[in-house]
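Data block below; observations after.
The values are calculated or read from the model by the stated rules, or taken from the named source; none is laboratory data. Note that the coordinates shown come from a computational prediction; the quantities given were computed from them, not determined experimentally. FYI the Cβ positions are ideal-geometry reconstructions off the backbone, even for glycines, and counts take in every protein chain you see. The protein model used for the area step is the full one, side chains on, heavy atoms only, and it has no ligands, DNA or RNA in it. Shrake-Rupley method; radii C 1.70, N 1.55, O 1.52, S 1.80 Å.
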Amino acid sequence: SCPPQEGHIWGSMRRTAFILGSGLLLLVAFWNSLTWHLQRFWGASGHFWQAQWERLLLTFEGKEWVLFVTALGATYLPVLSFWTFNGLLLVVDTTGKPNFISRYRIQAGKNDPVDPVKLRQSVRTVLLNQLLISLPIVVLLYPTLKLWRDPCRRELPTFHWFLLELAIFTLIEEIMFYYSHRLLHHPMFYKKIHKKHHEWTAPIGVISLYAHPIEHVVSNMLPAMVGPIVMGSHLSSIMVWFSLTLIVTTISHCGYHLPFLPSPEFHDYHHLKFNQCYGVLGVLDHLHGTDTVFKQTKAYERHILLLGFTPLSESIPDPPKMDQQ
């Protein structure tokens, strides 16, 4: 028989393996069940979407590049979702109403209401970035993707494949955005390039694309585009992905910590302090220690998904300021 200490360790290892193994099996079972139900929903509507897609292909036969450019850079989901969401936020930014939303403002007293001159200049820059930079890059993206795989191929991707793509897109974007963003904070580049974006110490949604042209290419466009190029993605996947990235970056910059939406506290703090919180998800900030000051703040405590309707600035208030003698 084995010594008591060795037996204790072996027993502990077996219990750990049993618990971890059971947990993993439950996770896999739940994941398979969840994705199966979603796949069934996707499959049920799949014939409908496949038929619509084939109709589009027939309409643009021989001119698929026009469909590609229109879908991503001109009228379809990404541009429409960006301006619809930001249009709603701009109503609150410029009027302070409805009060229900303005209660969730992160930096109290800032942009209340927003400076109209500064806003007009920013909107003009965003439109120019989209028209003169994003659109030509989308035009170039089509032949780049075709070298690997036709983005306008007949078969739409399956739900499971799209989930895998989404995970890889997110990982690539996190890595590329974090390091390009940190590079732009280097004194060599900050003053000439990145300082423009940081004119807004209390950001609003629309300034998510308010940037110097070089920054717009290096830090906004490339991190989102490399994933689809690597995966040889279908136009439908790219369209959904670009829309999601634009909505997420708008939420990160919006200045309101709204119920049931991802927390914008992380990036809002970056605009406030400049030298913390460079990433999107915060994973690389944790690994590189570029969130240590943030972790000591009330903003970090509020960096959660708000599941109620009480603003976190009220439930987790800032400490009272010491009265100066």
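What number of residues within the stretch 190-246 satisfy the criterion of being under 13 Å from residue 169 (Cα atoms), among the hydrophobic types (A, V, I, L, M, F, W, C) and touching a Pro at 6+ places or on another chain (Cβ under 8 Å)?
The total comes to 4.
Surrounded by 13 or more Cβ atoms within 10 Å (Cβ to Cβ), farther than 29 Å from residue 86 by Cα and modelled with pLDDT of 95 or more: does that describe residue 145? Talk me through it step by step, then tell me what you get.
Numbers: surrounded by 13 or more Cβ atoms within 10 Å (Cβ to Cβ): yes; farther than 29 Å from residue 86 by Cα: yes; modelled with pLDDT of 95 or more: yes.
Here the answer is yes, as residue 145 does meet what is asked.
Here are 318, 268: which of them is outside the structural domain of residue 180 (by the TED database) and within 27 Å of residue 109 (Cβ to Cβ)? First the steps, then the outcome.
Values: 268 fails: outside the structural domain of residue 180 (by the TED database).
Of 318, 268, the one residue that is outside the structural domain of residue 180 (by the TED database) and within 27 Å of residue 109 (Cβ to Cβ) is 318.
Being in a helix (DSSP H, G or I), aromatic (Phe, Trp, Tyr) and in contact with an Asp or Glu (Cβ under 9 Å, 6 or more places away or on another chain), is that true of even one residue in the stretch 82-90? Can you show your working first?
Start the filter on the stretch 82-90 by keeping residues that are in a helix (DSSP H, G or I), which leaves 82-90.
From the residues that got through so far, the ones that are aromatic (Phe, Trp, Tyr) too are 82-83, 85.
Still in the list and also in contact with an Asp or Glu (Cβ under 9 Å, 6 or more places away or on another chain): none.
For the stretch 82-90, residues in a helix (DSSP H, G or I), aromatic (Phe, Trp, Tyr) and in contact with an Asp or Glu (Cβ under 9 Å, 6 or more places away or on another chain): absent.
Within the stretch 98-131, track down each residue that is assigned to a helix (DSSP H, G or I), touching a residue at least 12 places away in the same chain (Cβ under 8 Å) and not charged (D, E, K, R).
Taking the stretch 98-131 as the starting set, the residues that turn out to be assigned to a helix (DSSP H, G or I) are 99-102, 116-131.
Imposing the further condition that a residue be touching a residue at least 12 places away in the same chain (Cβ under 8 Å) reduces the set to 101-102, 116, 118-119, 122-123, 125-126, 129-130.
Result: 101, 102, 116, 119, 122, 123, 125, 126, 129, 130.
So which residues in the stretch 248-262 are outside any loop (DSSP other than H, G, I, E, B) and hydrophobic (A, V, I, L, M, F, W, C), if there are any at all?
Going through the stretch 248-262, the residues outside any loop (DSSP other than H, G, I, E, B) turn out to be 248-253, 256.
Matches in the stretch 248-262: 248, 251.
Of the residues 228, 157, 213, which single one is closer than 18 Å to residue 248 by Cβ and touching a residue at least 24 places away in the same chain (Cβ under 8 Å)?
Numbers: 157 fails: closer than 18 Å to residue 248 by Cβ; 213 fails: closer than 18 Å to residue 248 by Cβ.
Every option except 228 fails the conditions.
Hey, among the residues in the stretch 184-206 that are in a helix (DSSP H, G or I) and hydrophobic (A, V, I, L, M, F, W, C), which one's most open to solvent (accessible area, probe 1.4 Å)?
Here is the first cut: in the stretch 184-206, the ones in a helix (DSSP H, G or I) are 184, 187-190, 194-199, 205-206.
Filter once more, so that each one left must be hydrophobic (A, V, I, L, M, F, W, C): 184, 188-189, 206.
Values: 184: 10, 188: 128, 189: 67, 206: 2 Å².
Among them, the one singled out is 188.
Restricting to the stretch 279-301, name every residue that is assigned to a loop (DSSP other than H, G, I, E, B) and open to solvent by 20 Å² or more (accessible area, probe 1.4 Å). Steps first, answer last, please.
Restricting attention to the stretch 279-301, the residues satisfying the condition of being assigned to a loop (DSSP other than H, G, I, E, B) are 279-282, 289-293, 297.
If the condition is that a residue be assigned to a loop (DSSP other than H, G, I, E, B) and open to solvent by 20 Å² or more (accessible area, probe 1.4 Å), then 280, 281, 289, 292, 293, 297 are the ones that fit.
Residues being open to solvent by less than 30 Å² (accessible area, probe 1.4 Å) and either without any contact (Cβ under 8 Å) to a residue 60 or more places away in the chain or part of a helix (DSSP H, G or I) (or both): count how many of those fall in the stretch 263-278.
Initial filter on the stretch 263-278 (open to solvent by less than 30 Å² (accessible area, probe 1.4 Å)): 263-271, 276-278.
Narrowing the set further to residues that are either without any contact (Cβ under 8 Å) to a residue 60 or more places away in the chain or part of a helix (DSSP H, G or I) (or both) leaves 263, 265-271, 276-277.
The total comes to 10.
Report, ordered by the first and then the second residue, all pairs with beta carbons closer than 7 Å, sequence separation of six or more or different chains, a first member in the stretch 134-150 that is more than 20 Å from residue 217 (Cβ to Cβ), and a second member that is outside any helix (DSSP H, G or I) and open to solvent by less than 60 Å² (accessible area, probe 1.4 Å).
148/232; 149/232
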